[in-house]
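Read the structure below first, then the notes.
What follows draws every value from the coordinates through simple rules; no lab data is involved. Note that the coordinates shown come from a computational prediction; the quantities given were computed from them, not determined experimentally. Every residue, glycine as well, gets a Cβ built from its backbone with ideal geometry; the counts of neighbours run over all protein chains shown.
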Amino acid sequence: MASARIADLFAGPTFATIYGWMSLGVAPGEAIGAWAGGAIHDATGSSLGAFAFVVVALVLAVAMMGQLRQPAGSA
């Protein structure tokens with residue numbers, strides 16, 4: 001979904017650069033998220049806290065993506 005949204009907003013010669021930077025930002029989050037989920041489970045004895053954190057993060061991410069606007073002059 002994110003790559004499609006980026007392609008809609010930034011079609012053209014800048015797409016590869018923007019998508020590359022987005023990927024560089026996502027990869028550390030994925031690595032830290034896996035570690036954090038295990039740490040939360042170890043600390044609480046349950047995965048519920050980790051799942052709650054993920055749901056909140058996803059809701060915030062979708063809300064931020066919804067704030068993106070089509071650049072002026074594009075169709």
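What distance in nm lies between label points placed 7 Å from Cα along the C-beta direction at GLN67 and MET22?
A separation of 1.7 nm, rounded to one decimal place.
Karplus couplings for the range 13-24 from phi (6.51 cos²θ - 1.76 cosθ + 1.60, θ = phi - 60°), rounded to Hz, Gly and Pro as x?
Once θ is set to phi - 60°, the couplings for the range 13-24 become x, 8, 4, 4, 5, 5, 5, x, 5, 4, 5, 5 Hz.
How large is the Rg to Rh ratio of the chain when both quantities use alpha carbon positions and Rh follows Kirkwood?
Taking Rh as the inverse mean 1/r over Cα pairs, Rg/Rh reads 1.12.
At a Förster radius of 22 Å, what calculated FRET efficiency corresponds to the Cβ-Cβ distance of PHE51 and GLU30, to the nearest 0.05?
In this case the efficiency is close to 0.85.
Please turn the phi angles of the range 55-60 into ³J(HN,Hα) values with the Karplus equation 6.51 cos²θ - 1.76 cosθ + 1.60 (θ = phi - 60°), one per residue in order, whole Hz, x for glycine and proline.
4, 4, 4, 5, 4, 5
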